[in-house]
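The values are calculated or read from the model by the stated rules, or taken from the named source; none is laboratory data. Values in this document were obtained by computation on a predicted structure and should not be read as measured data. Note that each Cβ is placed from the backbone with ideal geometry, even for glycine, and that neighbours are counted across all protein chains shown. Heads up: the accessible areas ignore ligands, DNA and RNA and are worked out on the full protein's heavy atoms, side chains in. Shrake-Rupley method; radii C 1.70, N 1.55, O 1.52, S 1.80 Å.
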Amino acid sequence: MSFTEDVKNELARKHRESPKERAAELLALLRMSGSVITGAGGKWGMEFSTSNSAVARRVLISLKKDFGLAPAVMVRQGRRLRKKNVYTLTVLPFEGGSHFLEKMDIWSMGKIHDCEKLTTTEEKQAYLSGAFLGGGTVSRPQSDYHLEMVTRSSVFAEEICKVMRVLALHPKMTDRKNDYIVYIKDGDEVSAFLQITGASQCYLEFENVRVMKDMRNRVNRQVNCETANLQKSVDAALRQLRQVHLVMKYMDLSALPPKVREAAEKRLENPHKSLGELAELLGISKSGLAHRFQKISALAREFEAREKEERK
């Protein structure tokens with residue numbers, strides 16, 4: 001089971017005591033995955049489809065409990081690769097259909113003002129829960145952080161963004177073919193969304209994985225940094241050793257100034273020690289020892305230039 005399904009199953013089982021909260025959630029669900037159907041004599045009904053059985057059950061119970069409607073349920077096998085079942089709830093056109101649509105305010109997607117009509121924070125949270133249940137996906141926390149909700153309506157997508165911003169989230173919106181996508185890609189934002197909508201267990205799982213992931217990344221960065229520093233130390237030691245050998249090829253070390261000779265001899269005795277370790281052996285500062293090796297390096301460059309001239 002995917003992490004998206006885990007989140008949807010948890011949200012679909014969350015108890016919402018207030019009828020207004022249940023209505024806010026149902027409104028977003030119907031805007032996301034529902035459609036209005038017409039019948040003879042000006043009668044109205046509606047249809048709702050989902051591939052998640054828990055979500056279908058959620059909508060069925062809400063329609064029965066809060067609105068006294070008895071949708072017909074049809075289950076068919078999907079046509080896509082995974083061939084998941086598709087659950088369709090149909091409220092056939094009836095005399096009171098227009099009253100239900102007016103009460104829910106889902107006659108048209110042309111102009112909607114859901115955010116203004118959701119009076120409490122809990123209603124807004126339920127609304128986002130419904131939007132996610134109807135058309136949301138979220139990446140598992142082990143991968144890149146990404147949560148999105150897809151709708152065919154740009155107006156509804158904008159309304160989702162408004163509600164998210166009121167709840168201190170920072171969504172972005174884009175379009176893909178005939179769809180409009182509201183998404184967040186920041187780990188803190190995805191975590192906050194799960195907590196806001198009421199997916200408590202998935203939120204805890206997400207945070208646990210995120211903590212382990214961040215810790216592993218910090219350890220990897222530290223190891224990489226230490227590895228790079230070690231490589232630099234080794235490269236510097238080998239370079240200094242080569243320079244000392246080149247100087248020895250043309251002159252005796254005893255001809256060097258005493259402090260420079262001492263540095264050269266210590267490098268010969270300790271070819272793999274870092275500059276800092278070598279400085280400790282000599283009882284001087286690291287910068288002081290680096291200054292001595294600069295003099296050796298200058299001599300080595302002179303001898304290298306002489307060798308090039310001789311080869312011409």
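Once you sort the root eigenvalues of the Cα gyration tensor of region 17-104 as a ≥ b ≥ c, which label holds: rounded (a/c under 1.5), prolate (a/b larger than b/c) or oblate (the other case)?
It is oblate, given that a/c is not under 1.5 and a/b is not larger than b/c.
Please report Rg (one decimal) and Dmax (integer) in Å for the Cα set of region 237-310.
Rg, Dmax (Cα atoms, Å): 12.0, 40.
First compute the accessible area of region 159-312 with a 1.4 Å probe, then give the percent of it belonging to carbon and sulfur atoms.
The nonpolar share, carbon plus sulfur, comes to 51 percent.
How far apart, in nanometres, would the label points at ASP66 and GLU207 be if each is projected 7 angstrom from Cα along the Cα-to-Cβ direction?
The answer from the label model is 2.8 nm.
Please work out the C-alpha center-to-center distance from region 94-134 to region 213-256 and express it in whole Å.
Taking the Cα centre of region 213-256 as reference, the centre of region 94-134 is 67 Å away.
Per residue Cα convex hull volume for region 68-202, in cubic angstrom?
160 Å³
How large is log10 I(q)/I(0) at q = 0.09 Å⁻¹ when the Debye formula is applied to the Cα atoms of the chain, each weighted equally and without solvent?
Taking Cα atoms of the chain as identical point scatterers yields -0.58.
With +1 on the Cβ of every Lys and Arg and -1 on the Cβ of every Asp and Glu, and nothing else charged, how large is the dipole of the chain about its Cα centre, in debye rounded to the nearest 20?
860 debye
Once the Cα gyration tensor of region 94-140 is found, what semi-axes does its equivalent ellipsoid get, as square roots of 5 times the eigenvalues, in whole Å, sorted largest first?
Listed largest to smallest, the semi-axes of region 94-140 are 24, 15, 11 Å.
Exceeding 21 Å between C-alpha atoms, which entries from my cross-link table qualify? They are LYS273/LYS295; LYS124/LYS172; LYS232/LYS259; LYS43/LYS64; LYS273/LYS308; LYS124/LYS177.
LYS232/LYS259; LYS273/LYS308; LYS124/LYS177
Hey, can you find the accessible area per residue of the chain for me, probe 1.4 Å, expressed in square angstrom?
57 Å²
Just to verify a number: what accessible area does GLU280 come out at with the full protein assembly present, 1.4 Å probe, Å² rounded to tens?
Counting only protein heavy atoms, GLU280 exposes about 150 Å² to solvent.
Over the residues of region 173-312, compute the C-alpha Rg and express it relative to 2.2 N^0.38 Å.
1.96
Using mean Cβ contacts within 10 Å as the protection proxy, how do 298-307, 86-95 order, highest first?
86-95, 298-307
Which values of log₁₀ I(q)/I(0), to two decimal places, follow from the Debye formula for region 132-174 at q = 0.13 Å⁻¹ with a uniform point scatterer at every Cα?
-0.30
Quick one: if you stick a label point 7 Å off each Cα along the C-beta vector at LYS43 and HIS146, how many nm between them?
4.5 nm
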